[in-house]
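Working notes, structure below.
The values are calculated or read from the model by the stated rules, or taken from the named source; none is laboratory data. This is a predicted model, so every value here is computed, not measured. As a convention, Cβ positions derive from the backbone with ideal geometry for all residues, glycine included, and neighbour counts pool all protein chains shown.
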Amino acid sequence: MKLNIKSKDEERKEVEPVKAEFAMAKKKEPAKKVVENLSIDKKPTSIEKPEAKKEFKAEPKKTRKEGEYTAKDIYVLKGLEPVRLRPGMYIGSTGIDGLHHLIWEVVDNCLDEAMAGYAKNIEVVLLPNNRVKISDDGRGIPVEKHPDTKKSTLETVLTTLHAGGKFGGEAYKVSGGLHGVGISVVCALSTYMLAHVERDGGAYEQEYFRGAPKTAVKKVGDSKKTGTIQTFDADPTIFSEIKYDPKRILNHLRQQAYLTKAVKISFRDERIKNQEAIYTFYFEGGVGSYVKYLVLGNTPRHSNIFSVASTKDNIFVETAFQYTQEMECTEESFANNIYTVEGGTHISGFRTALTRSLNDYARREGFLKEKDENFSGDDVREGLTAVVSVKIRTPQFEGQTKAKLGNPEAKNAVEVAVAEGLSDYLERYPSDAKSIIENCLLATKARLAAKAARQTVLRKGALEGLALPGKLADCLSRKPEESEIYIVEGDSAGGSSKMARDRRFQAILPLRGKILNVERARLDKMLASKEIKALVIAMGTGIGEDFDIEKLRYHRIVIMTDADVDGAHIRTLLLTFFYRYFKPVVEAGHIYIAQPPLYKVQSGKTAQYAYSDDQKDKIIKEIGKSVGVSIQRYKGLGEMNPEQLWDTTMNPENRTLLQVAVEEAHLADKTFDILMGEEVEPRKKFIQTHAKSVKSLDI
C-alpha cells in the first residue's frame with residue numbers, strides 16, 4: 001500500500017494547497033492549447049513569382065466563422081506522433097504509473113520470448129541518472145530488411161505502431177503484447193533509446209530519439225549468443241517526474257516470475273554507488289506458489305492450496321486459491337502474464353465455477369438444507385485469496401493498458417477447468433472442503449445479519465425523514481462537488497471547527513473517542529456503533545450491498561485529528577473504515593487529511609505557524625535571538641481559537657490537504673491486516689522492521 005502521506009517538511013514544501021471551488025468562484029481563463037515535440041511534416045509552401053507584365057492580385061483573406069469545421073481541422077499524424085500527442089492513451093498516464101509502464105512494456109516482450117520457450121533469463125537494471133536497461137536471452141529481434149517497409153526489421157519494430165511478431169504467423173503462440181505498441185511506445189517517449197540485438201552470429205545496434213532513428217542499424221561485432229537489450233531514458237517533457245520505485249519494480253517482477261515457471265528474473269539498482277542491490281526471482285510452483293506468498297501472514301482456513309492447470313479450447317488455464325480467516329477477498333487475474341487489474345471474462349468464469357461448485361457440494365453433503373438459500377457470490381469469496389491466469393492465442397484487451405480481458409471463450413475455458421479441478425479437490429480433501437463450506441456458511445449468516453442491520457438503519461432514517469446525525473453541522477450547499485466535510489475528534493475540536501468553518505460549503509462531524517476497529521468487526525456489529533452509524537448516514541452512499549457512490553454528499557472528506565499518538569490512531573481507524581467499506585470513495589480521490597500546525601511562534605505582534613520542528617527552528621533563526629520569542633505547541637485542535645483554526649487548517653487559500661491514494665490493493669490489504677488485525681506477531685515484526693525510519697515519535 002502507498003498512501004501519499006509525507007513528513008511535515010515534505011508536506012509543506014511539496015503539496016500545493018487544495019483550494020475549494022465554489023459556485024461564486026471567479027471564472028478561470030480558458031486553457032491554451034499547447035502542442036510540443038511533434039514532428040508533423042509541414043513543408044513550406046512555395047509561391048511562384050508573377051510574370052513581369054502580369055498584375056498579381058492576392059486573394060482576399062477568408063475569415064473563419066465560429067464553430068466552423070473544415071478539412072483544415074483534420075490532422076494526419078504520422079509514425080509515432082499519436083503517442084507523443086496523447087501518451088495517456090497508450091500508457092495510462094504521464095505520472096509515476098505511466099513512467100513504470102514503460103518498464104512493463106519492455107519486460108512484456110521479454111516474457112513473450114520466455115512463454116514461447118526461447119528465453120530463460122531476464123534482467124532489469126536501473127542505471128545512474130534514471131536510465132533503464134532491460135535484457136533477455138531470447139531469439140533477438142530480426143535485423144534483416146522488412147519486405148513491406150524496406151527498412152531493417154529492428155527499425156520497423158521500434159518506430160512503427162502495430163508492428164511485431166504477434167499479429168500472425170507462428171512466432172508467438174501466446175503473447176502479452178498483442179497490441180504491438182509496447183516497444184515502439186517506449187521508443188517514442190524516450191529521449192534516448194539504444195536497441196542492442198545479438199543473433200545470427202552478430203551483434204547489432206541502433207539508437208533513437210523520441211521515436212526517430214538517429215543512426216542506421218549497424219553491426220558492432222560478432223556474437224555466439226542471442227538476445228535483446230533495450231536501454232532508454234524517459235522523456236522529461238512527457239513525464240512530470242522521472243523517479244523509479246525499486247519496490248514497485250520488484251513487486252511486478254516477482255509477480256511475473258510466479259506466472260512464468262522456471263524463468264530467472266533479476267533486478268539490479270546501480271543508481272547509488274557502493275549500494276548496489278541485486279534480487280533474483282525463480283519459481284517452479286506457478287500460481288500455487290503465488291497464492292502461498294499472498295496469504296503470508298494470514299491464518300489459512302484449510303491446509304491444502306487448491307490449484308489446477310489444464311488446457312480447454314486451446315486456452316491454458318492456471319488457477320489457485322486458499323481461504324484465510326480474514327474477511328476481505330483478494331483476486332488477481334492475468335492474461336498472457338499481463339495483470340488485468342479490472343478483471344474480465346476469465347475472472348467471471350472463475351467466480352461462476354466457484355459459486356456453483358461449492359453450492360452443489362454443500363447441497364450434496366447436507367450442509368445446505370432444502371429450505372436454505374444458496375451461497376451468494378460474496379459468500380463464497382469472503383476470505384478468499386485467488387489467482388487466475390490464462391494464456392490465450394488472441395487476447396482481446398479493453399484499452400491500450402490492457403486492464404480488462406474481453407474474450408468470451410476465456411470465460412467458458414476457466415469455468416470448465418475450475419469446475420473439474422474443484423470437484424476433484426473437494427472429494428480428495430474432505431476436511432479442507434468442510435472448512436471452506438463452514439466459512440461460506442458463516443459469511444452467509446453474517447450477510448443476512450448485516451442486511452437486517454442495514455435495513456434497520458435505513459428504516460429508522462426513513463421514519464425520521466432521513467434525518468442526518470444530530471451532531472453533524474451540515475453545510476448550506478447541496479452540490480457534492482463544492483461541499484466538504486471535516487471529521488474531527490472530540491466535542492472541543494468540534495465546537496472550535498463549527499465556529500471556524502465557512503458554513504456555505506463546510507460541514508463538521510465530531511466523533512466521540514476512537515471509533516470501532518472495523519478490521520476486526522463484521523458489518524452488523526459495526527452498524528450497532530453510534531459513531532459508525534453517524535458516519536454512514538452522513539456519507540449518504542449507503543453501505544455494503546446498498547452502496548452507491550453517486551449519492552456521496554461531499555466530494556472532499558477531510559480527516560482532521562490532533563497531532564499526537566491518539567490522533568494518529570484515530571486517523572488510522574478512519575482510514576481502515578473508509579478503505580474496507582468505502583473503497584470506491586478512496587479510489588476516486590475524495591479522502592483527504594488535514595495538516596494543522598504544530599507550533600505558533602510569536603514575536604511581538606507577529607505570529608507565524610510551523611508545521612514541523614525544522615520549520616519552527618527556521619522561523620526562530622529568521623526572527624533572531626535579540627527579539628523575545630514565545631512558542632506554543634499545539635497538541636490538540638481545541639487549543640486553537642476559531643480564527644487560528646480557519647487561517648491555518650480550514651481556509652482553502654492557506655491550508656494544506658493531503659489526498660489519500662491507494663496504488664496497490666493487495667499491499668494495502670496486507671498493511672491493514674498487519675496494523676489493525678488480531679495477530680500480534682506480524683504487527684510486532686512490522687514495528688521492528690520500520691523502527692529506524694521513524695522521524696519523530698510522540699511518547
*Name the pairs whose Cβ atoms lie under 6 Å apart, with the first residue in the range 637-658 and closer than 15 Å to residue 561 by Cβ, the second surrounded by 20 or more Cβ atoms within 10 Å (Cβ to Cβ) and among the aliphatic types (A, V, I, L, M), and 6 or more positions between them or separate chains?*
637/493; 638/493; 645/500; 649/594; 650/500; 658/593
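Among what's in the range 86-97 and is assigned to a helix (DSSP H, G or I) and closer than 13 Å to residue 245 by Cβ, pick the residue that is modelled with the highest pLDDT. Full working, then the answer.
Taking the range 86-97 and keeping what is assigned to a helix (DSSP H, G or I), we get 88-91, 96-97.
Subsequent filtering for residues that are closer than 13 Å to residue 245 by Cβ retains 96-97.
Numbers: 96: 92, 97: 89.
Among them, the one singled out is 96.
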_Options 278, 265, 249, 229; residue that is without any contact (Cβ under 8 Å) to a residue 40 or more places away in the chain and on the phi < 0 side of the Ramachandran plot_ = 278
*Give, as residue ranges, the helices (runs of 4 or more DSSP H) completely inside the range 589-699 that count at least 1 residues that are of a type in the set (Val, Ile, Thr) and at pLDDT below 85.*
613-623, 665-676, 680-690
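Is it true that some residue in the range 560-579 is basic (Lys, Arg) and either in contact (Cβ under 8 Å) with a residue 40 or more places away in the chain or not in a helix (DSSP H, G or I) (or both)?
Taking every residue of the range 560-579 in turn, none turns out to be basic (Lys, Arg) and either in contact (Cβ under 8 Å) with a residue 40 or more places away in the chain or not in a helix (DSSP H, G or I) (or both).
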*asked:* Quick test of your reading of the structure: residue 572 fulfils all but one of (1) in the same structural domain as residue 529 (by TED's automatic domain parsing); (2) touching a Ser or Thr at 6+ places or on another chain (Cβ under 7 Å). Name the failing condition by number.
replied: (2)
_Residue list for the range 585-636, filter: among the small types (Gly, Ala, Ser), in contact with a Lys or Arg (Cβ under 9 Å, 6 or more places away or on another chain) and without any contact (Cβ under 8 Å) to a residue 24 or more places away in the chain_ = 607, 610
*Scan the range 471-517 residue by residue and report those that are within 23 Å of residue 548 (Cα to Cα), out of contact with any Leu (no Cβ under 8 Å at 6 or more places or on another chain) and not hydrophobic (A, V, I, L, M, F, W, C).*
477, 478, 479, 481, 482, 483, 484, 506
*Can you tell me which residues in the range 230-274 are surrounded by 19 or more Cβ atoms within 10 Å (Cβ to Cβ) and aliphatic (A, V, I, L, M)?*
234, 238, 249, 253, 257, 259, 263, 265
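Of the residues 297, 285, only one is closer than 28 Å to residue 393 by Cβ, assigned to a loop (DSSP other than H, G, I, E, B) and either among the acidic types (Asp, Glu) or out of contact with any strand residue (DSSP E or B) (no Cβ under 7 Å at 6 or more places or on another chain) (or both); which?
Going through 297, 285 in turn, the sole match is 285.
Please pick out the residue among 234, 277 that is over 23 Å from residue 115 (Cβ atoms), at pLDDT 95 or above, among the small types (Gly, Ala, Ser) and in the same structural domain as residue 204 (by TED's automatic domain parsing).
234
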*Cβ-Cβ below 6 Å, separation at least six or inter-chain, first residue in the range 376-398 and of a type in the set (Ser, Thr, Tyr), second modelled with pLDDT of 90 or more and assigned to a helix (DSSP H, G or I): which pairs?*
385/291; 385/294; 389/259; 389/287
*residue 352 in contact with an Asp or Glu (Cβ under 7 Å, 6 or more places away or on another chain) and of a type in the set (Val, Ile, Thr)*: yes
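Given the structure, is residue 322 touching a Pro at 6+ places or on another chain (Cβ under 6 Å), part of a strand (DSSP E or B) and buried (at least 16 other Cβ atoms within 10 Å of the Cβ)?
The answer is yes for residue 322.
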*Filter the range 415-433 for residues that are assigned to a helix (DSSP H, G or I), surrounded by 15 or more Cβ atoms within 10 Å (Cβ to Cβ) and not aliphatic (A, V, I, L, M) and give the result.*
415, 420, 421, 425, 432
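From the list 531, 545, which residue is part of a helix (DSSP H, G or I), modelled with pLDDT under 90 and farther than 25 Å from residue 473 by Cβ?
Step by step, each of 531, 545 is checked, and only 545 is part of a helix (DSSP H, G or I), modelled with pLDDT under 90 and farther than 25 Å from residue 473 by Cβ.
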_Matching residues, the range 353-384, being under 13 Å from residue 433 (Cβ atoms) and acidic (Asp, Glu)_ = 360, 365
*asked:* Which residue is farthest from residue 505 (Cα to Cα), if the candidates are limited to the range 516-559 and must be in contact (Cβ under 8 Å) with a residue 40 or more places away in the chain and among the polar types (S, T, N, Q)?
replied: 517
*So which residues in the range 221-252 are assigned to a loop (DSSP other than H, G, I, E, B), hydroxyl-bearing (Ser, Thr, Tyr) and either closer than 13 Å to residue 131 by Cβ or in contact with a Gly (Cβ under 7 Å, 6 or more places away or on another chain) (or both), if there are any at all?*
223, 226, 240, 244
